[in-house]
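To start, the structure under review is shown below, and the notes come after it.
The values are calculated or read from the model by the stated rules, or taken from the named source; none is laboratory data. Since the model is a prediction, treat every value here as computed from it, not as a measurement. Here the Cβ positions follow ideal geometry from the backbone for every residue, glycine too, while neighbour counts run over all protein chains shown. We work out accessible area using only protein heavy atoms, side chains counted, and drop any ligands, DNA or RNA first. Shrake-Rupley method; radii C 1.70, N 1.55, O 1.52, S 1.80 Å.
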Amino acid sequence: MSAFFPLVIAVKFSQEDHEKPIDEDEVTDAHRKAYDEGNASGLSANSLGSAAAMQVLKQFTSGGKSGGSQTELISLAMAEATKLFDKSGGASSGNKQDAVNGAAMTVMKLLVQSKFGGGGGSIIGGAQSGGLSGLMSLASQFAK
């Protein structure tokens, strides 16, 4: 895969999608429903993708995976979204591509927020996004 792969995914989303920061409670809730309760079919495709992205992040932060590039992390999240979509029999709204896009967008936003968080003028997130410590704090909820 090319280093520009994340950019190709990013252009598929509207400007509003890019500017909206990650709602950590929403992502946490989607992950809980999909992976703890096994109720992924009740989620929208975008939420299902977010849940899949957090599952991949959980694997990385809990020692299940190590290293890897941003592109690899995005690719793994997209693959996980596909598996979760198929396993759950679909989403309450949206299609498989929406789930894959949601996973990619969630990972990209988490990566950007972890790099630029707390900076007030960041591209995505901003002063309230929590930075790397916020990302690790969110991910640590799933390592328990």
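Within the stretch 24-38, which residues are on the phi < 0 side of the Ramachandran plot and open to solvent by less than 70 Å² (accessible area, probe 1.4 Å)? Quick ask: steps written out before the conclusion?
Residues of the stretch 24-38 on the phi < 0 side of the Ramachandran plot: 24-37.
Listed by number, the residues that qualify are E24, V27, T28, D29, A30, H31, K33, A34, Y35.
Quick one: L110 ticks every box in (1) at pLDDT below 90; (2) open to solvent by 20 Å² or more (accessible area, probe 1.4 Å) except a single one, so which number is it?
It fails just one condition, (2).
Sort through G42, G102 and tell me the only one that's out of contact with any Pro (no Cβ under 8 Å at 6 or more places or on another chain), at negative phi and buried (at least 22 other Cβ atoms within 10 Å of the Cβ).
On the way: G42 fails: buried (at least 22 other Cβ atoms within 10 Å of the Cβ).
Result of the check over G42, G102: G102.
Please verify whether the stretch 5-14 includes one or more residues that are modelled with pLDDT under 75, open to solvent by 70 Å² or more (accessible area, probe 1.4 Å) and in a helix (DSSP H, G or I).
From the stretch 5-14, those modelled with pLDDT under 75 are 5-14; that's our starting set.
Keeping just the survivors that are open to solvent by 70 Å² or more (accessible area, probe 1.4 Å) gives 7-8, 11-12.
Subset that is in a helix (DSSP H, G or I): 7-8.
Within the stretch 5-14 (the criterion being modelled with pLDDT under 75, open to solvent by 70 Å² or more (accessible area, probe 1.4 Å) and in a helix (DSSP H, G or I)), the answer is yes, since at least one residue qualifies.
Inspect the stretch 87-96 for any residue being more than 19 Å from K58 (Cβ to Cβ), out of contact with any Ser or Thr (no Cβ under 7 Å at 6 or more places or on another chain) and either assigned to a helix (DSSP H, G or I) or modelled with pLDDT under 50 (or both) and give the result as yes or no. Steps first, answer last, please.
Within the stretch 87-96, the subset more than 19 Å from K58 (Cβ to Cβ) is 89-96.
Still in the list and also out of contact with any Ser or Thr (no Cβ under 7 Å at 6 or more places or on another chain): 95.
From what's left, either assigned to a helix (DSSP H, G or I) or modelled with pLDDT under 50 (or both): none.
No: zero hits.
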